[in-house]
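Visitor: For reference, the structure I am asking about is given below.
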Amino acid sequence: MRYASDTFVEEIALNSKSAVISCGLDWDHKDMRTIYNLKKRDGFRYLAVVYDLIPVTYPHFVVPGYDSLLRDYIGELVWLADKCFCISETTRQDLMNYAAENGLQDLDAVAFPLGNDLPKAKSDADVTSPTVELPRRLANKRFALFVSTIEPRKNHRVLYEAWDRCVREGRVDPREHCLVFVGRQGWGSDDLVREIGANPATKSSIMLLNHVTDEMLGELYRQCAFGLFPSHYEGYGLPLAELLLAGKASFASNAGALSEIGGDLVVRLDPKDTLAWADCLSRAMTDVAYVGELAARVKSDFRPTIWKDAAQEFFAKVGESATP
């Protein structure tokens, strides 16, 4: 067997003591049946990292045209893999349910933690002046932050509609308050972006930022009043962990694996309940003491998973699975 990469060109001899680990993002080019035949011939173990089963469980949240491709990929992956490593317990349970529904009773799957000790946004105590300047529209404004690609699954629309309601009812002041979306514009978002820009209640108080630098993102985390993550479903939800790392009060969906991040340090809401999100936004924007109490608990009690520890646990599980 040879690596496809130009960097590795020597032939790799695989045998019953070998383990091939697939970390995904290979559904366009992988030939599962060829790998299966090689596995039968050489006896190696095939181990797969599984991030989520959204193409199977929520196909309407997948880019049109990719839903069937990814469903087929997941089906063949479960058939091929000797063991699956899931990035959350939620993903593991989704995978086991899928296997049971398709008659694969002997699937071996474990969950392993992802590290989330990313470079931390500097606290107010660490910074005498900002390392980068935020956009002028945010000057002297109290703003909420949502970091995510703009696409239907991430549920920017519930925040847009909740914010629109708050502005029109006078529950937030667009001269003093702002909602910031950081992330590229993905599929299925054209109508939402057009609405935000055309709506008199939101065009000056919802800001869309794209291609921000790491330094700018860190400064946004540091200076935001609180963070939001209303996604319909996640296999993990790294931006929520980033908010907690920055010591911010956080309001998130109660769906999918988001409940595995932060426990009761995070205020949980139904991702479809626009009225609840409107109440959340209006209170968090105007009740500084409430948000401060939430943030104080986060700073005191949140314990990130160290990437070194996460890697050690992952490779320990790989070692256990390398041989039958």
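Visitor: For region 225-324, just say rounded, prolate or oblate: build the C-alpha gyration tensor, square-root its eigenvalues into a ≥ b ≥ c, call rounded for a/c under 1.5, and beyond that prolate if a/b exceeds b/c, oblate if not.
Guide: Because a/c hits 1.5 or more and a/b fails to exceed b/c, region 225-324 counts as oblate.
Visitor: Continuing with the same structure: With r defined as the distance between the Cβ atoms of ARG184 and TYR66 and R0 fixed at 22 Å, what FRET efficiency is calculated, to the nearest 0.05?
Guide: Here the calculated transfer efficiency is 0.80.
Visitor: Something else now. What is the sum of charges around ASP164, taking Lys and Arg as +1, Asp and Glu as -1, for the other residues whose C-beta is under 13 Å from the C-beta of ASP164? List each step's numbers first, then the result.
Guide: On the way: positive: ARG157, ARG165, ARG168, ARG171, LYS203; negative: GLU161, GLU169, GLU195.
My count for the surroundings of ASP164 gives +2.
Visitor: Now for a separate question. Give a residue-ordered list of calculated ³J(HN,Hα) values for region 161-167 (Karplus: 6.51 cos²θ - 1.76 cosθ + 1.60, θ = phi - 60°; whole Hz; x for Gly, Pro).
Guide: Result, ordered by residue: 5, 5, 5, 4, 4, 4, 5 Hz.
Visitor: Over region 174-319, what is the relative contact order in whole percent, taking alpha-carbon pairs under 8 Å and six or more residues apart?
Guide: With pairs under 8 Å counted, the relative contact order is 18 percent.
Visitor: Still on this structure, I have one more. I'd like the distance between the alpha-carbon centres of region 240-289 and region 187-222, rounded to an integer number of Å.
Guide: Each part's Cα centre sits 19 Å from the other's.
Visitor: Okay, moving on. Averaged across orientations, what area in nm² does the convex hull of the alpha carbons in region 161-262 project?
Guide: 7.1
Visitor: OK, next. Pick out, from GLY319, PHE226, ALA139, the residue whose Cα sits farthest towards the positive end of the charge dipole of the chain, with +1 on the Cβ of Lys and Arg and -1 on the Cβ of Asp and Glu.
Guide: The listed residue farthest towards the positive side: ALA139.
Visitor: So, one more: Looking at this model, which pairs from LYS40/LYS317; LYS17/LYS39; LYS83/LYS317; LYS40/LYS83; LYS17/LYS40; LYS141/LYS203 are more than 19 angstrom apart at the alpha-carbon?
Guide: LYS40/LYS317
Visitor: Using a simple charge model, +1 on the beta-carbon of Lys and Arg, -1 on the beta-carbon of Asp and Glu, nothing else, what dipole does region 162-248 show about its Cα centre, in debye to the nearest 20?
Guide: Computed charge dipole of region 162-248: roughly 220 debye.
Visitor: Next question, about the same structure. Counting each DSSP H run of 4 or more residues in the chain as -39500 (n - 2.57), what helix-only mean residue ellipticity at 222 nm follows after dividing by all residues, to the nearest 500 deg cm²/dmol?
Guide: Helices in the chain give a 222 nm mean residue ellipticity of -11500 deg cm²/dmol.
Visitor: Size of the dipole of region 124-301 about the Cα centre, Lys and Arg at +1 and Asp and Glu at -1 on the beta carbon, nothing else charged, in debye to 20?
Guide: 420
Visitor: A follow-up question, please. Taking square-rooted eigenvalues a ≥ b ≥ c of the alpha carbon gyration tensor, is region 124-301 rounded, prolate or oblate, where a/c under 1.5 means rounded and, failing that, a/b exceeding b/c means prolate?
Guide: It is rounded, given that a/c, with a ≥ b ≥ c, falls under 1.5.
Visitor: Percent of alpha carbon pairs in the chain separated by more than 27 Å?
Guide: 51
Visitor: Additional query: For the chain, set up a GNM with springs between Cα atoms under 10 Å and report which of ALA100, ALA144, ALA249 has the largest fluctuation.
Guide: In this elastic network of the chain, the residue with the biggest mean-square fluctuation among ALA100, ALA144, ALA249 is ALA100.
Visitor: Okay, moving on. How large is ³J(HN,Hα) for each residue in region 218-223, as worked out from phi by the Karplus curve 6.51 cos²θ - 1.76 cosθ + 1.60 (θ = phi - 60°), to whole Hz, x for Gly and Pro?
Guide: Values, residue by residue: x, 6, 5, 4, 5, 9 Hz.
Visitor: Grab every C-alpha pair in region 125-220, bin the distances at 5 angstrom width from 0 up to the longest one, and report whole percents.
Guide: 2, 12, 24, 23, 19, 12, 5, 2, 0
Visitor: Relative to the present Cα-Cα distance, how much length would full extension add between GLU215 and ALA276 at 0.36 nm per residue of separation?
Guide: Length gained between GLU215 and ALA276: 18.7 nm.
Visitor: To the nearest 20 debye, what is the magnitude of the charge dipole of the chain about its Cα centre, counting +1 on the Cβ of each Lys and Arg and -1 on the Cβ of each Asp and Glu?
Guide: On the way: 37 positive and 46 negative charges, 101 e Å.
Charge dipole, the chain, about its Cα centre: 480 debye, nearest 20.
No value in this document is a laboratory result; all are computed from the given coordinates. No experiment lies behind these values; they were computed from the predicted model shown. Counting neighbours? That spans all protein chains shown, and the Cβs are built from the backbone with ideal geometry, glycine included.
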